[in-house]
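A short write-up of the structure that comes next.
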Amino acid sequence: MKNGKLQVGVIGCGGIANQKHFPALTSQSDKCEIVAFCDIIRERAEKGAKEYGTPDAKVYEDYHELLKDPEIDVVHVCTPNNAHCPITVAAFEAGKHVLCEKPMAATTEDAQKMMDAWKKSGKKFTIGYQNRFRTDAQMLKRTCEEGKLGDIYFAKAHAVRRRAVPTWGVFPDKSKQGGGPLIDIGTHALDITLWCMDNYEPETVTGSVFEKLGHLPEATEGNMFGPWDPEKFEVEDSAFGYIKMKNGATIFLESAWALNVKESREAATTLCGTKAGAEMIGGMSGQGYDLVFNETTGGVLTEEHISDTGAIAFFEGKGGGSPAEKECKQWLEAILEDKDPLVKPEQAFVVTEILDTIYKAAAAGHEIKLD
């Protein structure tokens, strides 16, 4: 630490760093300062340093050089998925705390290497699942803990877009990302679902992976981010998983960047318990949120809608900042106060393991049993 603040280095200064990490870290200026920026495209790192860094912030093209700086306490890894593992492992070996963007890794094997390095380091480790910090997710988690739903034995994890294929960065590049919507947005839906169920013991996984629309020029029409290049689309456009947990609970995971459905539904979950059910409507795809509980009251089937907080004069009622800011705040506090971050590495590992196994089960054409 320097000047009573954690010294942060960011590796990968592209879209997610600019949209999420730089603003979130800046919002916590009482706890940290960004002193190092690294990107294989130097101009990106220079731009980040100019807009968000300290006056003497350093710029790097090689992350190994950044990690040599003994004054850096914390590293945020904001690179394509295939680089998460080597950078995170090297950061732990250099004695840094690490926040790695979701998913933990593209494969179970890489995720295990990251876990091993973390356990040897004695440092803090978390993964960027900021959707846990949404108001509806926090409320749903609390009601699950209070037992409102009873025994949750069936769930759906929703990550479906009608037409919202990302056309920037390396999203369609399988060698850099490891996959398409399943690993990109399916990871958020599965994380919320497992977290609310508090169940991280999968037993069997099966899956279907489709490359139906990504290569069709006509399918690009109406895409939210403009037309994509079908010739360079190397990943799936939709994928679906069926996960059975050791206690018998079952999860259906749906993910798609492009699917002929009426409405999009992203980073959302549906939970069915013995006492009641709960459903996130819209999730990250909606304006505000609508969390619905369904149960039986007085012998009648009822629904309870918990909608986004309304505003009153001089107070909007949404205090605390964005989910990304809340995530950053609790992460830095976990380091400063020596406590566990909300997103535990062991939990994020299971998410990666399940996603990786869906791909493998789809390729093999049969169910896969996990150890």
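The values are calculated or read from the model by the stated rules, or taken from the named source; none is laboratory data. Computed from a predicted structure; not experimentally measured. All Cβ positions, glycine included, derive from the backbone under ideal geometry; neighbour counts span all protein chains shown. Note: areas computed on protein heavy atoms with side chains; ligands, DNA, RNA excluded. Shrake-Rupley method; radii C 1.70, N 1.55, O 1.52, S 1.80 Å.
If you go through region 51-93 and pick out every residue that is assigned to a helix (DSSP H, G or I) and either in contact (Cβ under 8 Å) with a residue 12 or more places away in the chain or in contact with a strand residue (DSSP E or B) (Cβ under 9 Å, 6 or more places away or on another chain) (or both), you end up with 19.
Among the conditions (1) open to solvent by 20 Å² or more (accessible area, probe 1.4 Å); (2) under 15 Å from residue 171 (Cα atoms); (3) not hydrophobic (A, V, I, L, M, F, W, C), the only one that residue 198 does not satisfy is (2). When restricted to residues that are over 15 Å from residue 74 (Cβ atoms) and either buried (at least 18 other Cβ atoms within 10 Å of the Cβ) or of a type in the set (Val, Ile, Thr) (or both), region 48-57 contains 2. Would you mind stating whether residue 36 is in a helix (DSSP H, G or I) and open to solvent by less than 30 Å² (accessible area, probe 1.4 Å)? No, not satisfied.
The single condition among (1) at pLDDT 95 or above; (2) closer than 16 Å to residue 180 by Cα that residue 201 does not meet is (2). Restricted to region 169-188, and to residues there that are of a type in the set (A, V, I, L, M, F, W, C) and not in a helix (DSSP H, G or I), the residue that is least open to solvent (accessible area, probe 1.4 Å) is 185. Identify, please: which residue in region 58-96 is acidic (Asp, Glu) and over 18 Å from residue 328 (Cβ atoms) and is, among those, most open to solvent (accessible area, probe 1.4 Å)? The qualifying residue most open to solvent (accessible area, probe 1.4 Å) is 93. If you go through region 124-167 and pick out every residue that is under 21 Å from residue 342 (Cβ atoms), open to solvent by less than 30 Å² (accessible area, probe 1.4 Å) and assigned to a loop (DSSP other than H, G, I, E, B), you end up with 4. Considering the conditions (1) in contact with a His (Cβ under 8 Å, 6 or more places away or on another chain); (2) over 24 Å from residue 294 (Cα atoms); (3) of a type outside the set (S, T, N, Q), residue 254 is excluded by exactly one of them, (2).
Taken over region 224-271, the criterion of being surrounded by fewer than 20 Cβ atoms within 10 Å (Cβ to Cβ), touching a helix residue (DSSP H, G or I) at 6+ places or on another chain (Cβ under 7 Å) and either hydroxyl-bearing (Ser, Thr, Tyr) or not in a loop (DSSP other than H, G, I, E, B) (or both) is satisfied by 230 alone.
Taking region 231-269 as the region of interest, how many residues are polar (S, T, N, Q), in contact with a Leu (Cβ under 9 Å, 6 or more places away or on another chain) and within 22 Å of residue 211 (Cα to Cα)?
3
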